[in-house]
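The values are calculated or read from the model by the stated rules, or taken from the named source; none is laboratory data. Given the structure is predicted, the values throughout are model-derived calculations rather than measurements. Cβ placement follows ideal geometry from the backbone for every residue including glycine, while neighbour counts extend to all protein chains displayed. When the accessible area is computed, the model is the full protein with side chains, heavy atoms only, and any ligands, DNA or RNA have been set aside. Shrake-Rupley method; radii C 1.70, N 1.55, O 1.52, S 1.80 Å.
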Amino acid sequence: MVQFLRFRSQSRLLSVSLLLVTGLLSLTQQCSDVRLHSPIYESDFASRGFPYRLYPPTDYEQHRRFVIMVDMSRSMLSGPCPFDVGVAPWFHTNSPYRAFDPNKDTGADVNDGRGAARGCYVDPSLPIAAGAQRVPSPYQFGQQYGTFIGSDYEGYRLEILTKWIAQLRQGLTARAQRNTRVMVIPVTGGSAQLLLDQRDPIKRKFIRLDDPALDQAVQMMRTENQRNHDLLLDQAAEGRWLQMTMGTTAPGQVFNDVFTQVSADMKSLSELGVLSETSYKILYMGDGLVNPTKQDGADVLKIHPLCGVGQTTGFCSSLTASMKRSWGDANLNSDSALDLKISLIQALPKFYGAGLVEVDFLQLQRERIELSYPSQSSAFVRLKEMAKARHSRIGLWQVRDGVPPFDLAPAAGDVRFFKMSHMVILNPNVRLDLNGVTQVDSDGDGLFDADEARLNLNPHHTRSNGYCLDSLIARQAFSSRCQSFASGSACDPQLDSDGDGLNQCDEMVLGTDPFDFDTDGDAIPDFLEWIYGFNILESDRDQDTNGDAIPNVVNFAAGLGPKLYYEQIPEGQRASYAIDFLGNERLPDAELGEVLVENYRVELKNILAAPLPVLPADIRDVLYLSRLGRNFNNLATVRIPERHQLLNASIRTISNRIVVLVRLVDENQPQVVNWRILKFNMSEASNGRGVQLDLSTLEQMRVMDLHYEVEE
């Protein structure tokens, strides 16, 4: 296994770092004549083009979906005012005027007084601090209150939105644009939300990048932002609150609608058989303030003379309904309600068996919020922690200007860079047992043939009971559960949603993530970790399980389990290979545009091999990538072909089927990991000596693998 290579930008000098983890890889190979006739070559060759080229993972057309939620509440423009929802209505307790709603319906509660009052305006010269409102004294009906600027007074969120759309239109190729859809949603609450929804040309649907409604929606938000901005600055404005379309922040209903639309879109793409190549990115730009809450409504009822503690008059019920209509539904705004809806959105890939969903919050001017509302914590922070507690993830990014914290697409003319972070070349059917003796596992199920015969399992069938790998059935801790699957419908033995070689039943028994190719993120796929005896739930590649001062990663690169003593294994029984980095070349790609691809010369020094029996083709397992495997009209689009399966079976006489895996990381989206694979037949006699690989023949696997190395 090798770990290497980082390219940062086109304008910088390309640097290559080659980390040799086994100490066995030679970098002194000389190249000469070339003969191109198969994926492997048993002679040296000099070409630095086609045979050495490692293509980027664009074998399948990618489908992209973006949901961009833009906070259009009043806190974007204005600091706190005495009238605001959630601001203690202290001055109303000694006056006949009652705190209610800054964006209420015209006919609701005439005692509120703001139909005629000038209300609260924004004074940009005021310092941002808790309680910085300039309140006239003595209080008189109709007088002004001044407050400081809001969390996005400058309109940075709209600049970011505009830049993102430009990125998608200019940075994506024609094919990528054709497969991209966008939904932009203004977010406020209550009656203000209804007004914005009426003016929104998109109406919470996915639309194409070239749809004029996208530009119209952005312009609508810019227009409303500027109009409300001007109203708040005008100290002489009469009844400003009745003219504003930016009110509370009640995103609960919006998240409900996002769930509905994403679910419907996933269903449609699943039926087309392309959900495995589809990613959804849910983006919410705001300040993390959420109102109304249930407590806000209770506070209003407490101070109303007809709605004291324990009173349930008809007026109180009417007042509660009016608050809900004017502010938004507080029940949908609680942390638990928002977390539930977000968790349902994030769980949609597990329901449909494919697809990727990411959720990111962009918090605007956190320092201003902390100064303005020192007693309130950000809902973004709370929801991020709640997601972590349920073993999920929400990205949280701090925004202080109009520069996007990350790109949705590369800038026009940029070159995409992929780095090969790991390579492994193994013969999974021939391994050493704990005593260092060569053993055969002809069906590749993780259990040696001799052990299968001893346990009355079928050495020519990977899952003798039709549900679990035989290597799981052989374990006492797992056997009873595996046997129970055969008499029920707790799992689907043909479903392998992440493409890691473990079906749904195997993953349930092992406790691995059925939607993550590499559950513990250690760059060893789950299936290979299991059959080679590594920790499948916790990264142990850098540990030293047997205490021989050689880390597990060295053992794995040599095709050894973690308990074998590396130096005690004869060299002829350890896998070894050499990799030369030959440089980069730029290529056009229909999916990515300009791509910098890497060229390597890979030569096998030794691969463990042994005579293998030939298995009948009809007994090899058939796995599907997604639940669409139940739709037989689209079976071919979701079935995992044998050449892409990690579960390796003997299919040719006197041959060993070697597996080559390469892990690729896109620097623009490093959390999404791609894998390329090649299987080739090798005679036992050759042991792989002198074999050179044609990297251009590696094919992209349709797998699901996410790895977040660093929290932003």
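Computed values, structure above
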{"quantity": "The one condition in (1) part of a helix (DSSP H, G or I); (2) acidic (D, E); (3) open to solvent by 50 Å² or more (accessible area, probe 1.4 Å) that E154 fails to fulfil", "calculated": "(1)"}
{"quantity": "Residues within segment 432-456 that are touching a helix residue (DSSP H, G or I) at 6+ places or on another chain (Cβ under 7 Å) and closer than 16 Å to L646 by Cα, tallied", "calculated": "5"}
{"quantity": "Filtered residues of segment 613-651 (kept if closer than 22 Å to E61 by Cα, in contact with a strand residue (DSSP E or B) (Cβ under 9 Å, 6 or more places away or on another chain), at pLDDT below 75 and open to solvent by 50 Å² or more (accessible area, probe 1.4 Å))", "calculated": "R627"}
{"quantity": "Any hit, segment 202-212, residues being open to solvent by 30 Å² or more (accessible area, probe 1.4 Å) and either part of a helix (DSSP H, G or I) or closer than 28 Å to I149 by Cα (or both)", "calculated": "yes"}
{"quantity": "Given (1) hydroxyl-bearing (S, T, Y); (2) part of a helix (DSSP H, G or I); (3) modelled with pLDDT under 95; (4) open to solvent by 50 Å² or more (accessible area, probe 1.4 Å), number of the condition S191 does not satisfy", "calculated": "(4)"}
{"quantity": "Options E507, E452; residue that is farther than 17 Å from N648 by Cα and acidic (D, E)", "calculated": "E507"}
{"quantity": "Some residue of segment 456-475 being assigned to a strand (DSSP E or B), farther than 30 Å from Y280 by Cα and under 30 Å from the mean Cα position of the chain (by Cα)", "calculated": "no"}
{"quantity": "Residue tally, condition more than 27 Å from A610 (Cα to Cα) and not β-branched (V, I, T), over segment 552-598", "calculated": "17"}
{"quantity": "Subset of segment 540-581 [small (G, A, S) and either farther than 18 Å from V440 by Cβ or open to solvent by 60 Å² or more (accessible area, probe 1.4 Å) (or both)]", "calculated": "G547, A549, A557, A558, S576, A578"}
{"quantity": "Elements of type helices (runs of 4 or more DSSP H) in segment 215-323, at least 2 residues being modelled with pLDDT under 90 and among the charged types (D, E, K, R)", "calculated": "294-303"}
{"quantity": "Index of the failed condition, L432 passing every other in (1) open to solvent by 40 Å² or more (accessible area, probe 1.4 Å); (2) over 36 Å from the mean Cα position of the chain (by Cα); (3) aliphatic (A, V, I, L, M)", "calculated": "(1)"}
{"quantity": "Neighbours by Cβ (under 9 Å, 6+ apart or cross-chain): first from segment 384-401, without any contact (Cβ under 8 Å) to a residue 60 or more places away in the chain and polar (S, T, N, Q); second surrounded by 18 or more Cβ atoms within 10 Å (Cβ to Cβ) and outside any helix (DSSP H, G or I)", "calculated": "S392/V359; Q398/L362; Q398/Q363; Q398/L364; Q398/Q365"}
{"quantity": "Filtered residue count, segment 225-244, keeping only those that are open to solvent by 70 Å² or more (accessible area, probe 1.4 Å), under 42 Å from the mean Cα position of the chain (by Cα) and farther than 17 Å from L195 by Cα", "calculated": "1"}
{"quantity": "Residue match in segment 488-496 (condition: within 28 Å of N606 (Cα to Cα) and touching a helix residue (DSSP H, G or I) at 6+ places or on another chain (Cβ under 7 Å))", "calculated": "no"}
{"quantity": "Segment 582-593, subset open to solvent by less than 40 Å² (accessible area, probe 1.4 Å) and not hydrophobic (A, V, I, L, M, F, W, C), residue farthest from the chain's Cα centre (by Cα)", "calculated": "G583"}
{"quantity": "Matching residues, segment 412-448, being without any contact (Cβ under 8 Å) to a residue 60 or more places away in the chain and within 27 Å of E507 (Cβ to Cβ)", "calculated": "D433, Q439, L447, F448"}
